[in-house]
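The block underneath contains the structure these notes are about, expressed in structure tokens.
The values are calculated or read from the model by the stated rules, or taken from the named source; none is laboratory data. Just so we're clear, the structure is a prediction, and the values are computed from it rather than from any experiment. All Cβ positions, glycine included, derive from the backbone under ideal geometry; neighbour counts span all protein chains shown.
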2 protein chains.
Amino acid sequence: MDYMLISTDDHIIEPPDVWNGRLEAKYQARAPKLVEIDGEERWVFEDQKLINTGLSSMAGKKYEDYNPKAARISDMRPGCYDPKERLKDMDMDGIEAQVLFPSTPGMAGQTFAEATDKELALRCLQTYNDWLADTWCAANPKRLIGQTIVPLWDMKLAVAEFHRGLKLGHKALSMPNDPVGMGLPRLADAYWEPLWNAVEEADVPVSMHIASGSQKNSLPLTPGEGSPATVFITVGPTANFTVIADLIFSGLLHRHPKLKFVSAESGIGWIGYLLQRADEVYHKHRHWAKPPITEKPSFYFHRQIFANFLDDAVGVTARYHIGIDNLMFEVDYPHSDTTFPNSRQIATERFKDVPADEAHKIFRDNAIRLFKLDLQ
Amino acid sequence: MDYMLISTDDHIIEPPDVWNGRLEAKYQARAPKLVEIDGEERWVFEDQKLINTGLSSMAGKKYEDYNPKAARISDMRPGCYDPKERLKDMDMDGIEAQVLFPSTPGMAGQTFAEATDKELALRCLQTYNDWLADTWCAANPKRLIGQTIVPLWDMKLAVAEFHRGLKLGHKALSMPNDPVGMGLPRLADAYWEPLWNAVEEADVPVSMHIASGSQKNSLPLTPGEGSPATVFITVGPTANFTVIADLIFSGLLHRHPKLKFVSAESGIGWIGYLLQRADEVYHKHRHWAKPPITEKPSFYFHRQIFANFLDDAVGVTARYHIGIDNLMFEVDYPHSDTTFPNSRQIATERFKDVPADEAHKIFRDNAIRLFKLDLQ
């Protein structure tokens, strides 16, 4: 491959100063804080001890050193929290652009949606969107791609913040894949309709990252007997199976033909089966079940849903069952799944039997078109 | 194809007389009964109104006539409930043998496990295993293959009934894929250990059919807005994703190297992804997560897990990622998914690019070997 790759799922590990000096005096002391608890460096907000497992900052570590305990900033590779260092790591890995998700706010702002003081939460959320633009994306706006997070608890505020995010230069909206687990309606519910109308009009994609539900439940990362941690990590990506089936069969994509979703870090090796099964169910069961759609499910997927993957030989084998125009690459820097610093090598090996034009779409063109990146 | 196919997942719709005249007088009046309720013909047992959706008896119906309401025996194709008629339908469809699941008892005896009077429940369950042998399998023991159901609430009784089932000629054990939903421990829990020891010694397979959990929750088969029914039917097969990951990572298959499970009606198009993901998780996370296994997860799958499918082009494409020796065909007669009466035509079309020796394994040899069928 004689071109740089584009990654559509990466993460910022926030440094301690995100909210420093940016909030009104009455809120400043209550902003999210990185503190020492029980020998670990942990983010806290209100009464929430936030999820900051070390598995989220493993870029550059050997697998033998992977550790689920909360990692210290001082132990992390600087590319985790510093945009200039991130760009250097991207250069080393052959990655031209990354689409970025927050960590402390939750990947879709869930930390603030689960807060008690919603005025405080709104200001902290807005501050994050500002910081993302002027501290991270500003380091190179063509290569570091921001996504807006919105106040999930109020659709009027959410629409306003979404519009503010567009003015800040953010190129997508990050939404929880499982709002139900947070006590909010599912993505296909009428509750979200004002936001979907705004997003459809703006024509920007909506990322649904796996595990972007409630921040209040700890991950079952206990080692040892029965090994629930390995089962949890193995199963995690397929959480979007039900989400995608619901976006389609509910009629949401039918009602909003320009709305586009990205299934982030879900892998793709199971999506061919999902589309085959959904089409079969539509074919056999639509007469009595009467789903509010007029085309077969795979039609809506091909028009409106995109999915990204890291290292997925099964998905590459089954790519024609998914759709060459719907697939995008990701590096997942700096999470434990990341392909960094071997992304190009892995991509080349897995794609050795794939025609060059298909590879180019998956590694560059589809992402440039969908996120409207300022790249050739 | 110049040979008959073997189906490893089919269902008996019980006629009203299963328990007639077979129970002690004190139990006879309280056996499961087919009665008229609210204009529907429904099975009832104790206070349970059992699941008998019409979608379970759709063989031979047009999709336009599919209906989730409880079907009447008089409206069903006789092959649903009559073994001689079933054999005729198998001849018509080119099927040599079928592996049979119960309906009224639940596919794995859940109806009896959820009963209040466990003495009554045990006798009804034993009676079912007897009836299955002397009424159904007796019609042609080489072609109609019975599976034992056991009292899930007592492992001493369960082992005894499993041994009794072997003497009756049944060739497998049918277990719930989701005992947790019934308030019982997961399949990898030590609770089941006496049963796994007995099964391993007898060297017969354990079927885990999708949706073989609690009988007390009604299916969300309401048509119309939001279409939860279509989402439910689409997602259903992948329930075994977590189950298989847990059988492997828990160490159950490691501890019991001769124990063999069949993932029934789960489809196969997602299994390549599961194995790839599980192996990756083992590779990256075993150092801290310490799963009690010594080989990579796909090793245990290839040694001990089998999966069947009806019409799964994606799974056929990805078959080398799953394992040619682990795949088996199924017809799912007479459920709504069934390929009857077009099983051979569908199988031929989907396998047109598959080498003959691979097809022969998948359509015959693997099932004959696993279930020890008395067929060539």
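Here are some notes:
- Of the residues making up segment A:83-119, those that are more than 17 Å from the chain's Cα centre (by Cα), touching a residue at least 12 places away in the same chain (Cβ under 8 Å) and under 18 Å from A:Asp332 (Cβ atoms) are A:Pro83, A:Arg86, A:Leu87, A:Asp89, A:Met90, A:Met92, A:Asp93, A:Gly94, A:Ile95, A:Glu96.
- Summed over segment A:56-76, the residues that are farther than 23 Å from A:Glu114 by Cα and not in a loop (DSSP other than H, G, I, E, B) give a count of 7.
- Top-ranked residue of segment B:244-255 - restricted to ones that are more than 9 Å from chain A (Cβ to nearest Cβ) and surrounded by fewer than 22 Cβ atoms within 10 Å (Cβ to Cβ), ranked as nearest to A:Ala229 (Cα to Cα): B:His254
- Test: residue in segment A:206-223 that is among the hydrophobic types (A, V, I, L, M, F, W, C), within 13 Å of chain B (Cβ to nearest Cβ) and either buried (at least 22 other Cβ atoms within 10 Å of the Cβ) or free of Cβ contacts under 8 Å to residues at least 40 places away in the same chain (or both): no
- Residue in segment A:12-30 that is surrounded by the fewest Cβ atoms within 10 Å (Cβ to Cβ), counting only those that are assigned to a loop (DSSP other than H, G, I, E, B) and free of Cβ contacts under 8 Å to residues at least 24 places away in the same chain: A:Gly21
- Residue in segment A:3-10 that is within 14 Å of A:Thr338 (Cα to Cα), within 14 Å of chain B (Cβ to nearest Cβ) and out of contact with any Leu (no Cβ under 6 Å at 6 or more places or on another chain) present: no
So that you can scan it fast, the table gives a plain yes or no per residue for (1) hydrophobic (A, V, I, L, M, F, W, C); (2) surrounded by fewer than 17 Cβ atoms within 10 Å (Cβ to Cβ); (3) at pLDDT below 95:
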site: B:Arg72; (1), (2), (3): no, yes, yes
site: B:Cys80; (1), (2), (3): yes, no, no
site: B:Pro83; (1), (2), (3): no, no, no
site: B:Gly109; (1), (2), (3): no, no, no
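- Single residue of A:Phe351, A:Phe309 found to be under 16 Å from the mean Cα position of the chain (by Cα) and among the aromatic types (Phe, Trp, Tyr): A:Phe309
- Filtering segment A:152-170 to residues that are surrounded by fewer than 21 Cβ atoms within 10 Å (Cβ to Cβ) and part of a loop (DSSP other than H, G, I, E, B) leaves A:Trp153, A:Asp154, A:Gly169.
- First in segment B:262-291 and closer than 12 Å to B:Phe249 by Cα and more than 7 Å from every other protein chain (Cβ to nearest Cβ), second anywhere and of a type in the set (Gly, Ala, Ser) and surrounded by fewer than 24 Cβ atoms within 10 Å (Cβ to Cβ), Cβ under 6 Å, 6 or more apart: B:Leu275/B:Ser298; B:Asp279/B:Ser298
- In the set (1) buried (at least 22 other Cβ atoms within 10 Å of the Cβ); (2) in contact with a strand residue (DSSP E or B) (Cβ under 9 Å, 6 or more places away or on another chain), the condition left unmet by B:Leu184 is number (1).
- Within segment A:1-11, tally of residues that are of a type in the set (Asp, Glu) and part of a loop (DSSP other than H, G, I, E, B): 1
- Members of segment A:1-37 found to be basic (Lys, Arg) and over 25 Å from the mean Cα position of the chain (by Cα), listed by number: A:Arg22, A:Lys26, A:Arg30
- In a residue-by-residue description of segment B:322-337, the property of being at negative phi, surrounded by fewer than 22 Cβ atoms within 10 Å (Cβ to Cβ) and part of a helix (DSSP H, G or I) applies to at least one position.
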